[in-house]
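Note sheet for the following structure.
Values quoted throughout were computed directly from the atomic coordinates according to the rules given, and no laboratory measurement underlies them. Not measured: the values here are computed from a predicted model. Note that we place each Cβ from the backbone using ideal geometry, even for glycine, and neighbour counts take in every protein chain shown.
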Amino acid sequence: MRILVLGATGGTGRAFTEAALTAGHTVTALVRDPSKLAPAQGLKVVAGNATDAELLARIAPGHDGYLVALGERPHPLAFLPGPQRRRSTEVCSRGTAALLQALDGRGRIGVVSAYGVGPSRATAPWYFRLYFDLFLPALFADKERQEAALGASQADYVIAQPVGLTDGPATGTYLASPEGRIRKATVARADVAAFLLAELERPSHHRASVAISG
């Protein structure tokens, strides 16, 4: 497969890119800073902004699958009141909207969101919801807009909603629940990447959100 990845230098995007290349796929990575990705066989790196609709219109066609792993790191003082906590972010929603515009209903899209966004918020434990509201309000608002844009489109997509992400090798024992059930409070990024790669290779969830936990 030929896969376009948005957000390939982030934790989950990097894990997905490595897994896809290991599986023999070719990957186009659209990144702001190409120096953050080491050269690899099957990898093509394009410098640019994932919210650039004109750029995506040029490079998105011709791929067999798409992975959106966009996000921003929370401000280190996000727990304090003030401008740094209230700052808005739009990279997830704007990047996804630009890709949807470029594809115009074509292709299969895998998206990294978060457990507690959209319908899964109703099933999330209270301490998850408290953490979201205190530390990640802007990021989760952006992901809400991202998921809404997908739902309003004609695209074939699957949204992975992982719980707390950890580093480390894939375990292969993760729980993928379209009903929003979770087993543990954490999951390895490599397991989320494995789920999304499998969904691009052999789709089983269509226009659906799937909670991913360890």
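Counting only alpha carbon atoms, the long axis of helix 126-135 and the longest principal axis of the chain meet at about 70°. The angle between the Cα long axis of helix 137-152 and the longest principal axis of the Cα atoms of the chain comes to about 50 degrees, rounded to the nearest 10. Helix 91-103 against the longest principal axis of the chain: what's the angle in degrees, Cα atoms only, rounded to the nearest 10? Compared with the principal axis, the helix lies near 40 degrees. With θ taken as phi - 60° and the Karplus curve 6.51 cos²θ - 1.76 cosθ + 1.60 applied, the whole-hertz 3J(HN,Hα) list for segment 191-197 is 6, 4, 4, 5, 4, 5, 5 Hz, x standing for glycine and proline.
Taking 29 Å as the straight-line reach from the Cα of residue 184, the lysines in range (excluding those fewer than 8 positions away in the same chain) are 143. Residue ranges 186-198, 117-129 sort as 186-198, 117-129 when ordered by packing (mean number of other C-beta atoms within 10 Å per residue, highest first). Spacing of the modelled spin labels on residue 154 and residue 35, each 7 Å from Cα toward Cβ, amounts to 4.4 nm.
For the chain, the C-alpha radius of gyration sits at 0.96 times the compact-globule guess of 2.2 N^0.38 Å, with N the residue count. Calculated translational diffusion coefficient of segment 93-214 (37 °C, 0.692 mPa s; Stokes-Einstein with Kirkwood radius over alpha-carbon pairs) equals 225 µm²/s.
Going highest first, how would you order 144-152, 62-70, 29-37 by mean Cβ packing within 10 Å?
Final packing ranking: 62-70, 144-152, 29-37.
Dividing the radius of gyration of the alpha carbons in segment 98-137 by their Kirkwood radius gives 1.18 for Rg/Rh. Listed by chain and number, the aspartates and glutamates whose C-alpha is less than 17 Å from the C-alpha of residue 36, apart from same-chain residues fewer than 8 away, are 18, 72. Spin-label model, residue 123/residue 1: points 7 Å from Cα along the beta carbon direction are separated by 2.3 nm. Relative to one another, the C-alpha centroids of segment 1-52 and segment 96-140 are positioned 21 Å apart.
The H on the amide N of residue 166, modeled in the peptide plane, is under 5 Å from the matching H of 187, 188, 189, each at least 5 residues off or on a different chain.
Give me the percent relative contact order of the chain, please, defined on Cα pairs under 8 angstrom at least 6 residues apart.
Once divided by the residue count of the chain, the mean separation gives 21 percent.
Protection proxy ranking, highest mean first, for peptides 13-25, 201-213: 13-25, 201-213, where packing is the per-residue count of other beta-carbon atoms within 10 Å, averaged.
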